[in-house]
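Quick notes on the structure that follows.
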Amino acid sequence: MTGKIIGTGSYLPELVWDNHKLTEWLDTNDEWIRERTGIGQRHISKDLGAGKMALEAAKKAMEDAGKAGLGAEDLDAIFVCTVTPDIMVPSIACEIQKMLGAVNAFAYDINAACSGFVFVYNMAVAYMETGLIKNALIIGSEQLSSMMDWNDRSSCILFGDGAGAVVVTACEQKGASVMHSDGASGEALQCVTGGKLSMDGQKVFRFALKRVPEVVEEILAKMEMEKEQVDLFLLHQANMRIIEAVIKRLGLEPEKVPSNIDRMGNTSSASLPILLDELNREGKLRTGMKLVMAGFGAGLTWGAGYITT
Ligand code: COA
């Protein structure tokens, strides 16, 4: 069993801060940020929190799924992953269930940081395998600007705000999931509730360079697939240097590894659904494609999922 994408949507705040904007108060420059991260700009949400952004993305994904004949009442589950919930109770997912009128869906939020979308997608497929659900709306939404120390030039330059949503339906094809956590290394990237994010950038960098290639190889082995059989590898958009290193280490064709980090920065759990929505709207997702997604982030957590279109 695997998941098949039948609708995508995203929401990006109108306000955009390019690297030059950050130099108004930070000792940094466009060249350093581009060279070390590949990031040129990020969206910043001043007015909408993770809940409202999630709703906007969800509405667009449902509109898209409507073309395939799926309506809100057909949803069996709604999952939101976020590390920046603007409401705790009820969950953002329950709010969205109410706003969409998805009366047959159960709904809840989870936090798996930047691995969130992959983890929650794998969880949805596991529910599909038990027969509990058929259709799920999966959303990643983050207002990371609210947890940045905007005077910490080694971390705030990386992150951005936004939301992405994907409607997936159960598909009777082979699938595979891989998920890992290393709580003992959690101090590398942390934030207490209401506080500001702190990060050991080099430690996280080394972790990503080791674990992302590993997890991609793990899922290919589980799928009994060669990398050449995969149409697209969708890697969490954290840093272009990490993406390029993974491409090199695994010998992937660069055109099979799309990226939008230059325009988005790292939007944590929203990065993969935003990327999927961009690809969909650009007509780059054709029926029957084989996609491997890989995520990594705070926890530490890392994982991969297989999804089709
Ligand atoms: N502008 C200019 N200089 C900066 C800077 C900035 N925004 N941030 C740090 N520097 C400086 C440092 O102070 C240091 O100066 P020094 O040599 O005088 O001490 C120098 O640049 C090198 O810093 P370093 O931390 O070694 O840089 P780096 O090459 O490791 O790049 C990151 C820093 C954060 C870009 C990089 O470590 C990284 O991307 N890590 C992964 C983080 C990540 O992806 N997190 C999310 C995971 S989901």
| request: Kindly write out, for the range 48-58 in residue order, the coupling ³J(HN,Hα) from the Karplus curve 6.51 cos²θ - 1.76 cosθ + 1.60 (θ = phi - 60°), rounded to whole Hz, with x marking Gly and Pro. | output: 9, x, 4, x, 5, 5, 4, 5, 4, 5, 4
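Counting DSSP beta bridges in the range 238-309, what percent are antiparallel, to the nearest 5? Walk me through the numbers on the way to the answer.
Details: 8 of 8 bridges.
For the range 238-309, the DSSP antiparallel bridge percentage is about 100.
Peptides 239-248, 212-221, 187-196: what's the order by average Cβ count within 10 Å, highest mean first? Write down the numbers at each step before the final one.
Working: 239-248: 17.8, 212-221: 19.4, 187-196: 13.3.
Descending mean neighbour count gives 212-221, 239-248, 187-196.
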| task | Arrange the following residues from fewest to most other Cβ atoms within 10 Å of their Cβ: Ile110, Ile274. | result | Ile110, Ile274
| request: For the range 168-199 and the range 227-250, compute the distance between their C-alpha centroids and round to whole Å. | output: 18 Å
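Taking the number of other C-beta atoms within 10 Å as the exposure measure, put Val16, Val178 in order starting with the fewest. Write down the numbers at each step before the final one.
On the way: Val16 15, Val178 21.
The order, fewest Cβ neighbours first, is Val16, Val178.
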| request: For the range 261-296 and the range 13-92, compute the distance between their C-alpha centroids and round to whole Å. | output: 13 Å
| query | Once every DSSP H run of n ≥ 4 in the chain is given -39500 (n - 2.57) and the sum is divided by its residues, what mean residue ellipticity at 222 nm do you get, rounded to the nearest 500 deg cm²/dmol? | reply | -10000 deg cm²/dmol
| request: Rounded, prolate or oblate: pick one for the range 16-123, where a ≥ b ≥ c are the square roots of the eigenvalues of its C-alpha gyration tensor, a/c under 1.5 means rounded, and failing that, prolate if a/b is larger than b/c, else oblate. | output: prolate
| If we count every other residue with Cβ under 9 angstrom of Asp231's Cβ, Lys/Arg +1 and Asp/Glu -1, where does the sum land? | +3
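To make sure I understand, if each residue's beta carbon is the centre and we count other beta carbons within 10 Å, what order do Ser10, Ser141, Ser91 fall in, fewest to most? Walk me through the numbers on the way to the answer.
On the way: Ser10 28, Ser141 40, Ser91 20.
Lowest count first: Ser91, Ser10, Ser141.
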| What net charge is computed for the residues neighbouring His180, neighbours being all others with C-beta under 15 Å from the C-beta of His180, Lys and Arg scored +1, Asp and Glu -1? | -1
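Considering only the other residues whose Cβ falls under 15 Å of the Cβ of Ile157, what net charge follows from Lys and Arg at +1 and Asp and Glu at -1?
Details: positive: Lys21, Arg34, Arg36, Arg42, Arg153, Lys196, Arg241, Arg263; negative: Asp18, Glu24, Asp27, Asp30, Glu31, Glu35, Asp149, Asp152, Asp161, Asp262.
Within the 15 Å Cβ shell, the charges total -2.
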| query | Which entries in Lys4/Lys203; Lys196/Lys284; Lys67/Lys290; Lys174/Lys203; Lys59/Lys290 show an alpha-carbon gap greater than 28 Å? | reply | Lys4/Lys203; Lys196/Lys284; Lys174/Lys203
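Here, each number is a calculation from the coordinates, and none is a lab measurement. Since the structure is predicted, the reported quantities are computational estimates derived from the model, not experimental observations. For neighbour counting, all protein chains shown are included, and Cβ atoms are generated from backbone atoms with ideal geometry for every residue, glycine included.
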